[in-house]
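Sharing a structure here in structure tokens format.
No value in this document is a laboratory result; all are computed from the given coordinates. The model shown is predicted, which means the values in this text are computed figures rather than measured ones. We place every Cβ from the backbone using ideal geometry, glycine too, and count neighbours over all the protein chains shown.
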Amino acid sequence: MKAILDIETAQDVKRLVDAFYAKVNCDELLAPIFNETANVNWSTHLPTMYRFWESMLFRSGNYQGAPFPKHAVLPVQQAHFERWVTLFAETVDENFVGPKSQEAKSRAMFIADTFARRMGVLTDPAALARILYDDCDCVR
């Protein structure tokens, strides 16, 4: 099914987050970090992610928290961030199209870039941006 609508509602955010984390849970690189190292409780994590992305995309103010400290202790490298951005962008593109969808992908890339830099694991500063922009007709 080709995506024809943009991300417009909280239900759209839920659809995006659920589809994305379904991919994460099957991914050979990311699943062990989430499910073994971090031992994520999905019943609480997913609603937190709904609030986070609603706040990011709609300025809802639903999310209160500081996500970086929980991520800073994880044994991740640039490759983990690259995979996370790749899966996120794929999920957005499979489900949505439009300005808010582009914003979601850009924000995800910015978050990954910021976390990777702060953790000192970003060895190729342009790598994350290439994921989003190398194969698109975007004007930079």
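Only Lys, Arg, Asp and Glu count, each charged at its Cβ (+1, +1, -1, -1), so figure out the dipole size of the chain about its Cα centre, rounded to 20 debye.
480 debye
If R₀ is 25 angstrom, what is the calculated FRET efficiency for the pair residue 130 and residue 68, using the beta carbon separation as r and rounding to 0.05?
Once rounded, the FRET efficiency stands at 0.60.
Still on this structure: For the chain, what does -39500 (n - 2.57) per DSSP helix run (n ≥ 4), summed and divided by total residues, give at 222 nm, in deg cm²/dmol to the nearest 500?
-19500 deg cm²/dmol
Oh, and also: Using a Cα distance threshold of under 17 Å, what count of lysine pairs results for segment 10-133 when pairs must be 8 or more residues apart or interchain?
Lysine pairs meeting both conditions in segment 10-133 amount to 4.
Would you mind checking which residues have amide H under 5 Å from residue 6's amide H? H placed 1.01 Å from N; only 5 or more apart, or other chain.
Residues meeting the amide H criterion: 97.
Order these by the 10 Å Cβ neighbour count, fewest first: 18, 134.
134, 18
Oh, and also: Per residue of segment 79-90, what does 6.51 cos²θ - 1.76 cosθ + 1.60 with θ = phi - 60° give for ³J(HN,Hα)? Whole Hz please, x for Gly and Pro, Karplus curve as stated.
4, 5, 5, 4, 5, 4, 5, 4, 5, 5, 4, 4
I would also like to ask the following. In the neighborhood of residue 19, defined by Cβ-to-Cβ distances under 10 Å, what is the net charge if each Lys or Arg adds +1 and each Asp or Glu adds -1?
Overall, the nearby charge balance is 0.
Using label points projected 7 Å from each Cα along Cα→Cβ, tell me how many nm separate residue 36 and residue 60, to one decimal.
My value for the distance between the label points is 3.4 nm.
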